[in-house]
1. Kindly list the number of the only condition in (1) part of a strand (DSSP E or B); (2) at pLDDT below 95 that fails for V42.
2. Of (1) surrounded by fewer than 21 Cβ atoms within 10 Å (Cβ to Cβ); (2) modelled with pLDDT of 85 or more; (3) among the aromatic types (F, W, Y); (4) within 30 Å of R125 (Cβ to Cβ), Y237 satisfies all except one. Which?
3. May I ask you to say which residue of M261, M188 is more than 24 Å from E35 (Cβ to Cβ), at pLDDT below 90 and within 21 Å of the chain's Cα centre (by Cα)?
4. So how many residues does region 53-68 have that are out of contact with any His (no Cβ under 9 Å at 6 or more places or on another chain) and touching a residue at least 24 places away in the same chain (Cβ under 8 Å)?
5. Suppose we keep only residues that are closer than 27 Å to A33 by Cβ and hydroxyl-bearing (S, T, Y) within region 52-76. Which one would you say is surrounded by the fewest Cβ atoms within 10 Å (Cβ to Cβ)?
6. Pick out the one residue from E176, E145 that is at pLDDT 70 or above and closer than 24 Å to F276 by Cβ.
7. Quick one: what pairs do we get from region 120-147, first residue over 29 Å from E66 (Cα atoms), second of a type in the set (D, E), C-beta under 8 Å, 6+ apart or different chains?
Amino acid sequence: MINPSLPNIFNKKLFEIEHALDIYAYSYVHFPASELYNPDLVKVHGKTIEKCHIYLIGYVPIVRLEGAEQEGSDLITKFTVGGLPRELRWPLPPKASLKREGEKFWVEDDSGTRRFPGMEASIFRLNSDDPILFDIQYIGQAYGEGGSRNALDRLTKHETLQRIALTPTPKNQRLEVILVEVQPNTRMMTIFNPWAEERDEDGSRITAALDSLFDTTEAQQVSLYEASLIRYFQPKYNKIFKDSFPSTNLKILQECYAKDMAGIIAEFCFDEIPFFLKSRFRGQSLT
C-alpha cells in the first residue's frame, strides 16, 4: 500500500530518476595522538594505515580498570570511564575463582589456567551498555598525486593537531586519532519517482548517472567523503564545508558538481568500533 503522503512529497521533484553517490569507509585504525610519532606505529597496524586518506581528531574518555571482585559464580570488574564508575559482570567457568597479587588480578581454574577479560573486550562491552563518545574536533584528508600521501603523512606535520594538542585536554579525556580508508568502488543509490514532472523516456539520466559513477576518481571520492563528514559533524576546528557544502571553492570538487547527482551518502559503520562518533553539534552517530 502506497503512503498517501508520498505524492505530495515527490510531485514537487523535477526528474523521474535521481541518483546519490554512496561512499563508505572500508577499514579504519585508531590510536592515541601521543603515539603518532612512534616509529612502530605502521608495524602495529599493518598496511591498512598506509591506505587511509581521511583522519578524525577527537577526545575520548579514559577507561581505567580500578578493581575486581567475585560475587558467587560471577566476576565483577570495576572501571572508571571518563572519571565515572562503571561495572561489568562476567560468568566464571566452573571451579574458577578470582585471584589477586598487588594490583594484578586474574581468574584461575582448577587446572591452574589463568585468564582475565582483556581491556579491548571490556571497552566494547562498556560501549554497548552505555556509549563511549569520540568527540570530533577536526576532520581532514591527505591524498597527494595518485594517492601518494596518506593521513599519517599529513598528521605528523599537522598544525591544527598541534594546536589542539596544546589546548588543555578535558579532564579524564585523551586526544585520539581515527584514520579511515575509503572504499574506492563507490556505489550509487537510485530513486524512481513516478510523480515527477519530467520523464526519462530515453534512459539518458540512467546512462549519465552510470557515467558519473565510473568517472568519479578516488581523489574526488576522498574529497566528497571528507566534505560530507565535515558538513554533518561541523567540528570545532574545521572552517571549510561546515556551512558551505556543497561548495565550488575547491578545484577538485568543481568537476563533482557537474555530475548529475542529487546527493552524497558518506557511511562510517563498523560493528567492532569501541565508541560512537559525536561532535558539539551532533549527538552520537555512526553514519
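1. Among (1) part of a strand (DSSP E or B); (2) at pLDDT below 95, V42 violates only (1).
2. (4)
3. The unique qualifying residue is M188.
4. Within region 53-68, residues that are out of contact with any His (no Cβ under 9 Å at 6 or more places or on another chain) and touching a residue at least 24 places away in the same chain (Cβ under 8 Å) number 10.
5. Looking at residues that are closer than 27 Å to A33 by Cβ and hydroxyl-bearing (S, T, Y), I get Y59.
6. Just a single option satisfies the conditions, and that option is E176.
7. Here the result reads I139/E226; G140/E226; Q141/E226; A142/D153; Y143/E218; G144/D153; G147/E218, each pair linking region 120-147 to a residue that is of a type in the set (D, E).
The values are calculated or read from the model by the stated rules, or taken from the named source; none is laboratory data. Treat the numbers as computed from the prediction; the structure is a model and nothing was measured. Reconstructed Cβ throughout: ideal geometry from the backbone, glycine too, with neighbour counts over all protein chains shown.
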